[in-house]
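The values are calculated or read from the model by the stated rules, or taken from the named source; none is laboratory data. Predicted model only: the values in this text are computed from it and were never measured. As a convention, Cβ positions derive from the backbone with ideal geometry for all residues, glycine included, and neighbour counts pool all protein chains shown.
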Amino acid sequence: MTKKGWIYLGFFSVLIGLFYFLLTQLIPGYSTPKVTPVSYVRPFRFTDQDGRLVTEQDFLGKVYVSEFFFTTCKGICPRMNNNMRTVYEAFKDEPNFKIISHTCDPETDSVPQLKKYSDSMKVDTRKWVFVTGRKDSLYTAARVSYTIDDPANNPANIDDDFLHTQFWALVDQNGDVRKVIDGLKQSEVNELIDAARNFLKEPPLKK
């Protein structure tokens with residue numbers, strides 16, 4: 001190649017690089033790697049710590065984390081929610097981010113019990129919501145919508161079923177589950193925070 005050819009090649013390489021840089025700066029989410037959804041959130045109706053109805057519509061347009069716990073848990077739940085507080089602190093001032101914690105034990109975790117627990121956590125429950133509901137509906141959400149527990153764990157009798165999982169689901173603005181992580185591993189919690197920041201830059205898709 002001639003000297004003139006190398007000059008033209010260098011010029012166009014710089015031009016292409018500049019064009020890509022401008023795209024990443026001007027178009028939200030352009031530089032974010034596209035991740036195939038793990039699953040999607042089916043319609044649900046639960047009740048929060050203040051006795052208010054909560055549905056999937058309350059989370060559309062938001063990036064959020066979904067987890068399952070129970071208030072009397074002495075095992076993994078305190079550690080898990082201590083890690084979840086890290087997520088809460090990272091996004092407590094972000095209007096388009098939320099956390100939803102579902103009880104695994106609705107017989108014990110009534111609305112007043114969830115209210116007592118949420119008060120003890122000292123968090124803004126407009127940002128971090130605690131919900132209860134029918135046991136079968138809660139467990140179906142965990143296994144079918146959020147895919148954080150194996151559906152094969154579902155016995156024939158719902159009374160014999162008990163879900164106890166440390167996995168969390170990260171959901172985007174469109175209700176798609178984009179990532180599942182282990183809420184007991186700080187390294188994965190940090191990955192979730194980074195991923196959530198990227199998803200917040202993405203424009204919601206019209207469905």
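Residues in region 100-132 that are buried (at least 22 other Cβ atoms within 10 Å of the Cβ), out of contact with any Lys or Arg (no Cβ under 7 Å at 6 or more places or on another chain) and among the aliphatic types (A, V, I, L, M): I100, L114, V131.
In this structure, T32 does not satisfy being surrounded by fewer than 21 Cβ atoms within 10 Å (Cβ to Cβ), modelled with pLDDT under 95, closer than 19 Å to F162 by Cα and not acidic (D, E). Taken over region 93-105, the residue count meeting the criterion of being farther than 17 Å from P204 by Cβ and under 14 Å from the mean Cα position of the chain (by Cα) is 4. Those helices (runs of 4 or more DSSP H) of region 101-207 in which at least 3 residues are modelled with pLDDT of 95 or more, assigned by TED's automatic domain parsing to the domain that holds M80 and within 24 Å of N82 (Cβ to Cβ), considering only elements entirely within it, cover 111-121, 186-201. Among the residues here, S137 does not qualify as over 19 Å from the mean Cα position of the chain (by Cα), surrounded by fewer than 19 Cβ atoms within 10 Å (Cβ to Cβ) and not acidic (D, E). Cβ-Cβ contacts under 8 Å between residues 6 or more apart (or on different chains), taken from a first residue in region 114-139 that is farther than 10 Å from F46 by Cβ to a second residue that is at pLDDT below 95 and part of a helix (DSSP H, G or I), are listed as K135/I158; D136/I158; Y139/I158.
For region 81-100, enumerate the residues that are of a type in the set (A, V, I, L, M, F, W, C) and part of a strand (DSSP E or B). Across region 81-100, the qualifying residues are F97, I99, I100.
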